[in-house]
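What follows is a set of notes on a single structure, which appears directly below.
The values are calculated or read from the model by the stated rules, or taken from the named source; none is laboratory data. Please read all numbers here as calculations on a predicted model, not as lab measurements. Every residue, glycine among them, receives a Cβ derived from its backbone with ideal geometry; neighbour counts consider all protein chains shown.
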Amino acid sequence: MKLKFLIIGAGDRGSNAYAKEIKENDLGEIIAVADPSKRRRKEFQKRYNIEDKNCFAKTTKALNKKIGDIAVIATPDKTHRDIAVRALNKGYDILLEKPMGTTTKECLDIIEAQKKNGNILMLAHVLRYTPFYNKIKELIDKKEFGDLLKINYSEDIGNWHFAHSYVRGNWKNKESSGPIILTKSCHDMDIINWYMGEEIESIFSEGSLEFFKKENAPENSTERCINCPIKDCRYKAENIYLLNKKQGINQLEKKISTEDTLEARKSSLEKTDYGKCVWKCDNNVCDNQDVIIKFKNGNQACFNLNIGPSLEREIHLYFEYGKIIGFFHKGYIKKIEYGTEPHSEKREKIEIPYKSNHGGGDKALLENLITTVKDNKINKNKSTAEESLISHLMAFAAEKSRIENKTIDFKEYRENSK
C-alpha cells in the first residue's frame, strides 16, 4: 500500500527534494500541496498531477481535515511550530524540515504535541541518512582503532551560498529566522551527538560577523548592485542572478522572485535584498563561529563554521590507536592506523562519491520515514524527535554561550528549557 503525502511548502525542499524523490523512486503518492505562491502551486500541481481540490493557498485550509498519511513541512522556519502542531493534532505523521523551531519553546511545543498524539515525527536531519556519515558511524562502532576520543569538525558554507542565504536571503537575520548555528548547523550538532553517544557536560562558543558588514564595503560602492560602479565584484547580483554564467548557482535564480521570468528577476534586484550590496544589508548572523562541546566521559568535540570558498564538511576523528578523516563533498574517507614505529602508520582511502540531494540522504530519509510509518514503530526511525531536540538545544546553548561569553552547563540548560 502506497502512503499518501501532503506537501506543505512547494519551494526548493518541498518540490525539488522531497516530492521529486517520492515520485522518481515511487515511494508514495503525492495527493496534495499547500503554498501561498500561485506560481509555485501551479508548477507543483502540473509536475505532480495534483487535483484542483487538493491545491491550497492556505495551510490552515489544507489541514482542515486529514486527507493523507504523511505531511511534509518545508515552509519558512518561523512557521514550523504552528503548522507542525496543527498537523500532529490532525493525526498526520510528519517529516519536518530543519530546524524544528527557532526557539526552545517552539521545539518543545512540537515535541509535546507529538507525545500527546503518538504520531511519527521525523526531523530532516538528512546527514544521518547518507552513505558517507553512516560509513563513519560504522567504523566508530567497530572500534577498529579503539574508543573515539575527540572530534574536530568544520563546515565551509561557500561564499556564494553564504551571500545568497545568510546575507541577502531568508536566514540573514537571527530575529526573523534564528542564529546560524541553528539554521545551518543543527545538522552538524546532530552528527557530533550521534557519533559521541555520550552525555554532554558543557558547551562554549565564540563567533561574530566579521566580513559581510558595512565597514568592509568597497569605496564608491552603492546600496544596490544595479547602480554600482564596481564591475568586478564577485558578489555583483546581476552576475549571479541574471547572466546564467556561473556554474553551480543557476538554481538560485528562481528563488529571488515569485514569477520565473527575466523581467521579474530584474525587478527583484531593484526592490529586494537580493539586489543589495552584500556589505550593506541588515544581516546579523555570524559568518564565523567556533563551538567546543565537552562530554561527561572527558571526550571533546570542536566545531568550526566558516564562509569558505566552496561547500565542504570536513571531519577528523581521533581514536586510541588511529584517526579517521572525512570530506563529505570531495567524497572520501581516510583511515590512518598508528604504527608501532615512527612513520609506520597504515593508511586506507575509502571512496564515497558525493551524490546530489544531500549526498543521497534525501532518498534514504524518506525510505526510513515510510518504513517507520508503515510499521508504526518509532524505534525504527534512525533519528527520533527526542534525539533531534538535543541537537537544537546544543545550538541554542552555543548561541547563549556566544552572546554571554560563558560556558553553559548543558544538563542545567536542558532542565531549565522544560
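Hey, among the residues in segment 92-114 that are in a strand (DSSP E or B) and hydrophobic (A, V, I, L, M, F, W, C), which one's nearest to residue 80 (Cα to Cα)?
So, considering only residues that are in a strand (DSSP E or B) and hydrophobic (A, V, I, L, M, F, W, C), the one nearest to residue 80 (Cα to Cα) is 96.
The condition of being assigned to a helix (DSSP H, G or I), of a type outside the set (D, E, K, R) and more than 17 Å from the chain's Cα centre (by Cα) holds for only one of 139, 127, that being 139. Any chance you could count how many residues in segment 287-334 are polar (S, T, N, Q), surrounded by fewer than 17 Cβ atoms within 10 Å (Cβ to Cβ) and outside any strand (DSSP E or B)? Of the residues in that region, 2 qualify. Within segment 242-253, the residues that satisfy the criterion of being under 28 Å from residue 75 (Cα atoms) and either acidic (Asp, Glu) or at pLDDT below 70 (or both) are 244, 246, 247, 248, 249, 250, 251, 253.
Per-residue answers, yes or no, for (1) in the same structural domain as residue 152 (by TED's automatic domain parsing); (2) surrounded by fewer than 13 Cβ atoms within 10 Å (Cβ to Cβ); (3) of a type in the set (Val, Ile, Thr); (4) at pLDDT below 90:
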{"residue": "180", "(1), (2), (3), (4)": "yes, no, yes, no"}
{"residue": "185", "(1), (2), (3), (4)": "yes, no, no, no"}
{"residue": "189", "(1), (2), (3), (4)": "yes, no, no, no"}
{"residue": "192", "(1), (2), (3), (4)": "yes, no, yes, no"}
{"residue": "201", "(1), (2), (3), (4)": "yes, no, no, no"}
{"residue": "219", "(1), (2), (3), (4)": "no, yes, no, no"}
{"residue": "224", "(1), (2), (3), (4)": "no, no, no, no"}
{"residue": "240", "(1), (2), (3), (4)": "no, no, yes, yes"}
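Considering only residues in segment 60-91 that are among the aliphatic types (A, V, I, L, M) and in a loop (DSSP other than H, G, I, E, B), the one that is nearest to the chain's Cα centre (by Cα) turns out to be 74. For segment 1-59, the candidate set comprises residues that are of a type in the set (Gly, Ala, Ser) and not in a helix (DSSP H, G or I); within that set, the residue that is farthest from residue 83 (Cα to Cα) is 28.
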